[in-house]
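Reading through the structure tokens given below for one structure.
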Amino acid sequence: MAKPISNEKRADIIKHMQAGESKENISKWLFVCVRTVTRVWNKFTVSGNYEPEPQGSGRKPLVSDEAMKQVVSKIKETPDITLLELIEEFSLPISASALCRRLIRLGYSLKKRQLIPQNKTARTSKKNAGNL
């Protein structure tokens, strides 16, 4: 999405349109496209305002910030807890992958729990078995 034009250019568009200039001339003078001149002018004539609309409101999260604080405190208490256990314990209305993304945004990383330590002295293949 393109960056909104400045309020100064918007005010200049309104001033020139009220003076009776053509949209094509205004677009050449201000280095904007004709469609931008038309949009700003239409918005001004309908609402009386030429300010840009707020951008990026996005979708609201299903899990509140307070619930996420509880999840984070539970993770600090028991670091080996799984995502599915967290979802069950707090009755969260999201999937494990969505919870994982939220935790990554909060600065938590994925950790693998080593159930069995790796054996560094055991042979790894039959081919090299005779060289021991």
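With the gyration tensor restricted to C-alpha atoms of the stretch 65-105, the semi-axes of the equivalent ellipsoid amount to 13, 11, 11 Å, longest first. Across the stretch 1-88, the relative contact order, built from alpha-carbon pairs under 8 Å that are at least six residues apart, equals 23 percent.
Comparing Leu84, Leu103, Val71 along the charge dipole axis of the stretch 65-105, the residue lying farthest to the positive side is Leu103, per the Cβ-charge model.
Other residues within the sphere of radius under 11 Å centred on the Cβ of Ile5, judged by their own Cβ, net out at +2 (K and R +1, D and E -1).
Dimensions of the stretch 7-47 from C-alpha coordinates, computed as largest minus smallest value along each principal axis and given longest first, are 25, 18, 17 Å.
Restricting the trypsin sites (Lys or Arg not before Pro) of the stretch 1-107 to loop positions (DSSP other than H, G, I, E, B) with no more than 15 neighbouring Cβ atoms within 10 Å leaves Arg59.
Where a number appears in this text, it was derived from the coordinates with a stated rule and is not lab data. Note that the structure is predicted; figures quoted are calculated from it, not measured. Virtual Cβ from ideal backbone geometry, glycine too; neighbours counted across all protein chains shown.
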